[in-house]
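Take a look at the structure below.
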Amino acid sequence: MHRTNNVVDQPLIVASDDPDLVITSARDLEFGVAPGVRALFGKRMGNNFGWELGYTGVYSLWAEEEVSGTDDLSAPGGLGQAVDGWSTADFLGPTYKSSPNLAEANLFYYSCGEKCKPNSALWWNRQEHCTCTDFLVGFVWAGLEEEAALNVVCCDGDPSTSYNVDTSSNLFGGQVGIRKRADWERWSLQGTLKAGVAGSRLSSSSGAIFSSRTPDDITREPISNSDSSLGGIFQFNLTTIYRINSQWGLRGGYNLIGLTGVALAPDQFDFTDTADSGTRIAGNGNLLMHGFNFGVEYRW
């Protein structure tokens with residue numbers, strides 16, 4: 001899957017001789033495609049009710065930028081000026097790692113029947129097929145673990161120092177949804193839409209900030225923050241299934257996953273240099289992922 005970058009568009013690298021000239025901002029960090037796993041197990045019972053358990057995880061979404069110069073790069077704001085060497089750096093490289101996970105448990109009511117419309121203009125309605133509609137209600141959890149860092153090499157031959165931030169967002173709540181599936185002789189089409197409202201527990205931590213020139217002189221001590229908020233969890237999937245036999249099928253489709261009310265790691269960067277700098281958590285971030293799925297199903 002691919003993840004869009006919806007972080008606050010604040011400067012990360014500016015020019016040493018012109019702090020208003022932004023060389024790289026937080027939204028310049030572009031994610032590539034990362035693999036993930038989705039597994040769903042459930043059972044339809046004879047009274048038109050059923051249950052299911054599901055898990056979705058996307059692993060190590062990664063973005064980075066690297067900018068080199070000769071004493072002409074600077075970290076932004078008062079912090080860039082306060083850390084010795086950060087306002088005349090040779091190298092700055094921001095990195096961003098994101099790992100979302102979801103788990104859910106649902107009960108559903110299903111209604112199935114056969115439909116055949118020989119006079120329909122749509123060819124698939126002219127073929128006899130089975131349709132099932134599931135109405136879901138359940139519990140959902142979403143976890144988002146993130147790491148962001150601005151790595152700085154002030155001078156040729158010096159070690160790198162950094163401003164690093166880790167965040168954790170845990171959303172717990174209820175969800176409702178609908179799933180509809182149509183089965184023909186060999187092909188099936190399935191669409192799913194789920195939406196949930198969740199309470200969120202947010203936390204962030206940042207490491208000590210210091211210069212490689214004076215490693216014993218701490219410009220900013222480590223800081224930890226936490227907060228509670230309200231968020232949302234949204235899932236959409238459209239999948240085509242080729243049925244190998246009555247039990248096995250090959251699946252391929254498209255997915256959208258959205259989270260709101262989460263703490264995104266780059267949003268916690270605070271480049272001011274005051275007594276309150278870095279002591280607040282920004283927990284109104286949004287995450288949107290989209291991509292394709294390929295897999296198998298077994299039905300009995």
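The values are calculated or read from the model by the stated rules, or taken from the named source; none is laboratory data. Treat the numbers as computed from the prediction; the structure is a model and nothing was measured. All Cβ positions, glycine included, derive from the backbone under ideal geometry; neighbour counts span all protein chains shown. Accessible surface is based on the protein model in full, side chains and every heavy atom, while ligands, DNA and RNA are left aside. Shrake-Rupley method; radii C 1.70, N 1.55, O 1.52, S 1.80 Å.
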Please report, as a whole percent, how much of the solvent-accessible surface of the chain comes from carbon and sulfur atoms (probe radius 1.4 Å).
-> 56 percent
Trypsin sites (Lys or Arg not before Pro), restricted to region 208-249: which are DSSP loop and have at most 14 other Cβ atoms within 10 Å?
-> ARG213
Binned at 20 Å from zero, the C-alpha pair distances of the chain give percents of 29, 43, 22, 6, 0
The relative contact order of the chain, taking Cα pairs under 8 Å that sit 6 or more residues apart, comes to a percentage of 15 percent
So, in nm, how far is label ASP273 from label GLU297 when the simple model puts each one 7 Å beyond its Cα toward the Cβ?
-> 5.9 nm
At 7 Å along the Cα-to-beta-carbon direction for both SER228 and TYR109, put a label point, then send me their distance in nm to one decimal.
-> 3.3 nm
Taking the Cα centre of each part, how many Å lie between region 226-253 and region 136-158?
-> 25 Å
Using the heavy atoms of the protein chains and a 1.4 angstrom probe, tell me the accessible area per residue for the chain in square angstrom.
-> 50 Å²
At a Förster radius of 22 Å, what calculated FRET efficiency corresponds to the Cβ-Cβ distance of ASN6 and GLU64, to the nearest 0.05?
-> 0.80
What ratio of Cα Rg to 2.2 N^0.38 Å holds for region 1-151?
-> 1.74
How high is the relative contact order of region 111-242, given as a whole-number percent (alpha carbon pairs under 8 Å, six or more residues apart)?
-> 22 percent
Return an integer: the convex hull volume of the alpha-carbon atoms of region 186-300, in Å³ per residue.
-> 153 Å³
dims of region 1-40, Cα set, principal axes, largest to smallest, nearest Å -> 55, 15, 8
Size-normalised alpha-carbon gyration radius of region 128-238, reference 2.2 N^0.38 Å | 1.80
About its Cα centre, what dipole magnitude does the chain give when the only charges are +1 on Lys and Arg Cβ and -1 on Asp and Glu Cβ, stated in debye to the nearest 20?
-> 3100 debye
